[in-house]
1. If a residue counts only when it is at pLDDT 90 or above and not assigned by TED's automatic domain parsing to the domain that holds residue 56, which strands (runs of 3 or more DSSP E) contained entirely in region 227-309 have at least 3 such residues?
2. Check residue 206 against each of (1) within 26 Å of the chain's Cα centre (by Cα); (2) at pLDDT 95 or above and name the one condition it does not meet.
3. State whether one or more residues within region 53-66 are more than 17 Å from residue 156 (Cβ to Cβ), surrounded by fewer than 19 Cβ atoms within 10 Å (Cβ to Cβ), touching a residue at least 24 places away in the same chain (Cβ under 8 Å) and out of contact with any helix residue (DSSP H, G or I) (no Cβ under 6 Å at 6 or more places or on another chain).
4. Filter region 67-86 down to the residues that are surrounded by fewer than 24 Cβ atoms within 10 Å (Cβ to Cβ) and closer than 22 Å to residue 287 by Cα and list them by number.
5. For residues in region 127-153 being under 16 Å from residue 90 (Cβ atoms) and buried (at least 17 other Cβ atoms within 10 Å of the Cβ), which is modelled with the lowest pLDDT?
6. Give me the strands (runs of 3 or more DSSP E) completely within region 104-175, filtered to those with at least 1 residues that are free of Cβ contacts under 8 Å to residues at least 40 places away in the same chain, ordered by residue number.
7. Test residue 121 against the criterion of being more than 28 Å from residue 220 (Cα to Cα), in contact with a strand residue (DSSP E or B) (Cβ under 9 Å, 6 or more places away or on another chain) and surrounded by fewer than 24 Cβ atoms within 10 Å (Cβ to Cβ), and give yes or no.
């Protein structure tokens, strides 16, 4: 199938319901935000695909969140890429990192990147948090074993087992020839609600299985609506909402200073005496924050109530 040429198509997410509101579906294109994550972390191909799938999965899971809520996926694999963390909120802000970004592994026999081996066995954690807008924080944490390390299968298993929602998820990241260029990324999630009939379920099993690879569709210019059509087949569906997606980190100099102050006066004095400055790197976006000796002294004075030492 061909789609309109959309080389500069922005990242978007579309939510929908189908089959008389008995099926929930969401699809997203994430090429640019995955490329931004790759650029910030300097990740190699295998690590970029593993991280990109996790970022896309987080965006899909966050589609049902309300303002002030967020979801975090933590892939605690024992493979060479190490742990992967991705976070997304209701506004479409997504961020994440992989522990060992400069990691590649040999290709699979079919010539494709071996993400399962790179991630390895381990545990998948999903944390849903809310209440930030009213100064409260409520969290739900679910954990399941990694079933394949391919990310989509692992998240599908989590949703079906931990949250008891029959689901199907497809995620894809395509790397262009050469290093560090993400050619396409996206995914879809289809969930069957309790009122769905057996005919609808069988239909979805067939259409999801027959859908072309995500990367093939997005490379051809598919928008989220096109991904939904492929996943849902000829089921009647209607969009509920859409949002832009972007790689956004919440780190800042002010947050860095608050983190240092939380260490306490004695620890800041030790850093000042031994290092003469402080340097902190944000895991999520790789931003570097440097505080001079004068900056550290200012924080110490502030923590001491403005008294000189």
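The values are calculated or read from the model by the stated rules, or taken from the named source; none is laboratory data. All figures in this text were calculated on a predicted structure; none of them were measured in a lab. Here Cβ is always computed from backbone atoms with ideal geometry, including for glycine, and neighbour counts include all displayed protein chains.
1. 278-281, 288-291
2. (1)
3. There is at least one residue in region 53-66 that is more than 17 Å from residue 156 (Cβ to Cβ), surrounded by fewer than 19 Cβ atoms within 10 Å (Cβ to Cβ), touching a residue at least 24 places away in the same chain (Cβ under 8 Å) and out of contact with any helix residue (DSSP H, G or I) (no Cβ under 6 Å at 6 or more places or on another chain).
4. Matches in region 67-86: 70, 72, 74, 82, 83, 85.
5. My answer is 130.
6. In region 104-175, the matching strands (runs of 3 or more DSSP E) lie at 138-145, 167-175.
7. When the stated conditions are applied, residue 121 passes them.
Listed here are the residues, each with its yes/no results for (1) free of Cβ contacts under 8 Å to residues at least 24 places away in the same chain; (2) within 20 Å of the chain's Cα centre (by Cα); (3) surrounded by 14 or more Cβ atoms within 10 Å (Cβ to Cβ).
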{"position": "210", "(1), (2), (3)": "yes, no, no"}
{"position": "213", "(1), (2), (3)": "no, yes, no"}
{"position": "223", "(1), (2), (3)": "no, yes, yes"}
{"position": "228", "(1), (2), (3)": "no, yes, yes"}
{"position": "237", "(1), (2), (3)": "no, no, yes"}
{"position": "244", "(1), (2), (3)": "no, yes, no"}
{"position": "249", "(1), (2), (3)": "no, yes, yes"}
{"position": "258", "(1), (2), (3)": "yes, no, no"}
